[in-house]
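Read the structure below first, then the notes.
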Amino acid sequence: MLIPRTAIFVRRGDEYLLMKGAPTKRLWAGRYNGLGGHVERGEDVISAARRELLEEAGVTADLWLCGTVIVDTGDTGVLLFVVCGENAQGEIKASREGTAEWIQKEALVHLPVVEDLPILLGRIHQMKAGDRPFSARSFYEDEKLKMLFAE
């Protein structure tokens, strides 16, 4: 069984709109990640991403599907729809999820980030709308994160 979720990466040049998780979050408190969340019943993936982007950061953007990642979390996994975006519009606002910030890609090596963020940004950084979406799976082996991309 897989739970559908979105991970949204809106970019502006070499900057990405990322969420610094609220200190009250159970997972990834104080760590930077893409925005996103669950795909609700009756939603398509892009509509879910638009809703999450607006709820979490107060902005809209031109969005497209960049790829999918099956995340092995044990009994129930996550089907992560990686959504990219450009042309962000609106005033960024904080939410209960945390604070959205524009972060330079190069600055991420100095910030607390979720473990798969550098891998995903490395894969999508040169992608543009219309590129073929990637397919990957993510799992832990010997307590180390592995992400394998299909060719």
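Overview of results
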| quantity | calculated |
| --- | --- |
| Length released on extending from SER95 to LYS25, taking residue separation times 0.36 nm less the Cα-Cα span | 24.0 nm |
| Gap separating the Cα centres of the range 1-47 and the range 98-151, nearest whole Å | 12 Å |
| Stretchable slack from GLU55 to THR73, in nm (0.36 nm times residue separation minus alpha-carbon distance) | 3.9 nm |
| For the chain, calculated [θ]222 nm from helices alone, where every DSSP H run of n ≥ 4 adds -39500 (n - 2.57) | -4000 deg cm²/dmol |
| Qualifying lysines (Cα of each under 21 Å from Cα of LYS20; at least 8 residues distant if same chain) | LYS93, LYS105 |
| Potential lengthening between MET147 and ALA129 on full extension [0.36 nm per residue; Cα-Cα distance subtracted] | 4.2 nm |
| For the chain, convex hull volume per residue from C-alpha positions, Å³ | 122 Å³ |
| Within a Gaussian network of the chain (alpha carbon springs, distance under 10 Å), most fluctuating of ALA129, ALA49, ALA100 | ALA129 |
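Throughout, read-outs are computed from the coordinates displayed, never taken from laboratory work. Computed from a predicted structure; not experimentally measured.
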